[in-house]
Every structure is written in structure tokens, then in C-alpha cells.
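A short write-up of the structure that comes next.
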Amino acid sequence: MTEPKEKRFPLTLSSVVERKENVGRNRIAASVSTQTAMQNLGRDASAQARSHQVSGWSPAKEQKTAIINTSQSPLVSEAVRRAMVARIAQQGVKDQVVLEAMRVVPRHLFLDSGLESQAYIDASLPIGHHQTISQPYIVGRMLEILRNQVKLDKVLEIGTGCGYQAAVLSLIANEVYSIERIKALHDLAKNNLRPMRIGNIRLHYGDGMLGMPQAAPFDGIILAAAGMEVPHTLLTQLKVGGRLIAPVGGRHQVLQLIERISDADWKSVVVESCHFVPLHPGIV
Ligand code: SAH
């Protein structure tokens, strides 16, 4: 008899629990199922995103078949995540691929267990080292803008933090590179993402203001921290036709969208106000 399809990929419960114990995090059993589903989606999405290039595959459509069983914990259930996505949509985010990716990624698994119950409210939350996981609405908004009219093959994120946005990006781009300047957060993101077995994310510990020349050029660059201006080096690492989205400013910040329109020309527009942690040079 043929194995049912959904049984092909998941890890056994014990292997996931062991993995979690290894990284020293205390998670509830419901999270384990979500994690397993995320593992499947990570694999499926990267494979499917690749086929999208040639066959016009829609990730949003395919991901609807995912089975996420978090019924044991109503605070972190799929229904709560759906409600979060519905609120983001109400605030104006229309891109179904982005909304679907955010419906799928278990945000609570990127937070300390004490904050899990707040994981799906529309707020930034502390992740340690004076940094925050970005507000869901702004993640959706920035990804929607990044994706608009651009096929995201290779994407660079500056400011990995806990790894949440990188996980969402992994479902909408072929290859994701993400840089974090705080070693402890780089390690946290590694530990958060490892059990999800997402094959298309490369985490890098370093100063994101320098970008990643070895992997450039990128179709999209997204900054999760605000500088007084966008580092010129990053602009040079965009493909012609590529887009960069970044918070810019000090006390008052705006989201800036920059498109590279030729080798030597970039076009910039201000999208809306925002509030991010600061972009700092160097590593710690
Ligand atoms: N992407 C995260 C948000 C993290 S907050 C999410 O999914 O929610 C922003 C992060 O940017 C912080 O972790 C901070 O340490 C990092 N950061 C600030 N300046 C940086 C730089 N020059 N290079 C890389 N990371 C930087």
C-alpha cells in the first residue's frame, strides 16, 4: 500500500523534541507539530519556488494543502495566526503570497516561551539584546513592496534578529541571505531555524552595512533596522530592476523604497512612517 502523502516528510516527534532539548528551549507539544509542518513547507516552498521560475507556480495556492495541527494550544493555533493575517490584510496588505507565507510561519517559535501567548498580536516584541522581532503588519507591508513587479530569486536581509522574517522570506524567494551583527542573535536565529529545516536560508554573522558582495547582486534587499541613510554599498549590490526597502531616520523614521533603474541610477520613494531599532556598524 502506498504511504499517504503527508507522511513522507515529517520528523518523528522524538527527533524534534530531542532537537529542541539540544538547543535548550522549552516548547510545548503543540509547537512541535507546527514545527514539523514548517519543515515540510520550507522544503516544499523552496522546491516549489524554484519550479515557479519556469512554470508559474503559485506558492500561495500550494501552501493551502499544509497540515498544521496546533489544536492543543489555542494561543498558538492556526486560527490565531489566520486572525493575525486577516488584521494585516485589513490594514491594506493585499499580496496573497505574502499573507499566505505569514499564515504558515509559526511566529511563536521565534519568541521566548514567556511571550508565546503574545506572538500573534500586531506588535514588535523583545528578543533580547535590546532588539525586537518586527511587527507583523510592517513585515507584510515591506515584503509586499519588495515583491511588487519583481521576481525574487535572491534576497538579502539585513538584521536577522530571531530569524522570523527570514523564515517568511524563505517562502517567497528562492534564496535568502540574512546578516546579523550580534553574535548571540545570530546563534538564536540558527537555533530557531534549524528544526524547521529550511533549505534556502543562509545566515551570516557580520556587519550588514557592508552587504554580501560574495552573493550579490540581489533582486531584493530588506533592512530590518533604521540608519540615517541607506548604505551606498547596499545599493550597488542590487540588480538593475531590483528593489531595496528600508526604514530610514532617527526619532522619526520612514520606509524608503529604492529601485535600481540602471547601472548608475536609483529611484527612491517614501512609503509611510515606521519605527525600527537602529542600524549600527560593526559586530558585537
Ligand atoms: N528580522 C527580524 C528583526 C530584527 S530587529 C525579525 O524577523 O523580526 C533588527 C536587527 O538588526 C537586530 O537584531 C540588530 O542587531 C540588527 N542589526 C542592526 N544593525 C545591523 C547591521 N549593521 N548588520 C546586521 N544586523 C544589524
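Observations on the structure shown:
- Its Cα gyration tensor gives region 88-138 an equivalent ellipsoid. The semi-axes, each the square root of 5 times an eigenvalue, are 22, 12, 9 Å from largest down.
- Among the chymotrypsin sites (Phe, Trp or Tyr not before Pro) found in region 111-177, not one is both in a DSSP coil and sparsely packed, with 11 or fewer other Cβ atoms within 10 Å of its Cβ.
Values quoted throughout were computed directly from the atomic coordinates according to the rules given, and no laboratory measurement underlies them. As the structure is a computational prediction, the values presented were derived from the model and not from experiment. Glycine also receives a Cβ, built like all others from the backbone with ideal geometry; neighbour counts cover every protein chain displayed.
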